[in-house]
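Laboratory data are not the source of any read-out in this text; all were calculated from the coordinates shown. Keep in mind that what you see is a predicted model, and the values were worked out from it rather than measured. Heads up, the Cβs are rebuilt from the backbone with ideal geometry, glycines too, and the neighbour counts pull from every protein chain shown.
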Amino acid sequence: MEFSTTSKPIPASGISPESLQKYVEEISQLPKEKGWRGLQDLFLYKNFRFYPVFLEGALHARDHFQAQPTDIFLCSSMKTGTTWLKALSFKIATRGQRPSDDGSDMTTVSLRAAVPHDCIPFLEFNEYSTAVTGSEIPLFASHLPYTCLPKSVIDSDCKIVYICRDPKDTFVSMWFFLRKFVTGKNSTDVESFASIDEAFELFCKGLSSHGPYWEHILGYWEASKRRPEKILFLKYEDLVEDTQLWVKKLAEFFGCPFSAEEKREGVVERVVKECSFESLRDLEVNKRGKHEKRGRVIENSAYFRKGVVGDWRNHLSDEMGKKIEVIMEEKLMGSGFTF
Ligand code: PAP
């Protein structure tokens, strides 16, 4: 069987040039600050910093997205495990559906044919007008902070899964991803992007995409305490530690727990294996495929860098590590949440 090396194109979303212009104007009125060198300014909206591309979509979703009570949202700040969570959730939600020609189930084919980001749409990219391939559970994703989610998501009491990650690894992952985004393959452009030290100082001041990172976490953490049956809060590190346990919890949370028979047949193990970093990274579609977000082409391989806990030690000094840990401790103090 042949698989395309490019992800399935997402049909054009409903955002019209006129709407876009309206949001561009709204954003231009917001306070802005210089962000990481080589990237656009960061705009302040509801106490969070955004690059315009995310904010345009967020404002459009604010005005147009109508959540249904059965919708489930996978929420996260950038680089905290979204791609993995999307793959696992998609696989869980669509397992066993519509066997394909070669006998493998439909989701296996879909994850082989599309980067997980194209299997579960992001609200901010206005992809919600397109059906999610094959999933009967309406799954959506968002990097938006809790207080910036469209009102109907909260009013409809939708379920939310939130994933966060150690801030040091999150920062390192973000720096590599954005540097790649800015410099592409051209190593001579590297100088044009913020050095890791420059970017680190800004991250510690909350000046990063969807930052401050600690506020992003706190918003969902506090909400999960108020509505524990509706908001499942997890850490990337816990998912690494016991993926099977969390896959079972996710399935229960989605309302489609694994049956005793599925467990006996090793379906949980299969989901974990097929969504592992190595399995996803080594798929043709993720090695050589590209996908498009609002006119910007992103290589799918950019979402699969290393996938390990503690990689920050290879890029940050002990002092830097300590600095961010102290900031996080201070900011999260009294919340009951720690890393
Ligand atoms: P996004 O915000 O651009 O969607 P996101 O998927 O949240 O990125 O995070 C990417 C990180 O998850 C990368 O971490 P790294 O830079 O430290 O390596 C990526 O490697 C990691 N990742 C992607 N897929 C998996 C997976 N299947 N298992 C574990 N980690 C993964």
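Summary table
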item	result
Cα point-scatterer Debye curve for segment 183-251, base-10 log of I(q)/I(0) at q = 0.15, 0.21, 0.26 Å⁻¹	-0.76, -0.94, -1.09
Cα Rg over Rh - the chain, Kirkwood	0.94
Cβ charges +1 (Lys, Arg) and -1 (Asp, Glu), total dipole of segment 191-319, debye	560
Sequence ranges 215-221, 148-154, 31-37, ranked by mean other-Cβ count within 10 angstrom, highest first	215-221, 148-154, 31-37
Peptides 230-240, 112-122 ordered by average Cβ neighbours within 10 Å, highest first	112-122, 230-240
Inter-site label distance for H315 and M333 at 7 Å from Cα along Cβ, in nm	2.9
Extension reserve of the S192-Q97 stretch, reckoned as 0.36 nm per residue once the Cα distance is removed	29.5 nm
Segment C256-E269, extension gain: residue separation times 0.36 nm, minus the distance between their alpha carbons	3.1 nm
Residue (of F43, V272, L144) at the positive-pole extreme of the chain, dipole from beta-carbon charges	F43
Local electrostatic count at K151 - Lys and Arg +1, Asp and Glu -1, tallied over other residues with Cβ under 14 Å	-2
Cβ-placed point charges (K, R +1; D, E -1), dipole of the chain about Cα centre in debye, nearest 20	160
Note, ³J(HN,Hα) from phi for segment 272-289, Karplus 6.51, -1.76, 1.60, rounded to Hz, x at Gly and Pro	4, 5, 5, 9, 5, 3, 5, 4, 5, 4, 7, 5, 3, 4, 8, 7, 10, x
Packing-based order for 54-61, 159-166, 17-24, using average beta carbon neighbours within 10 Å, highest first	54-61, 159-166, 17-24
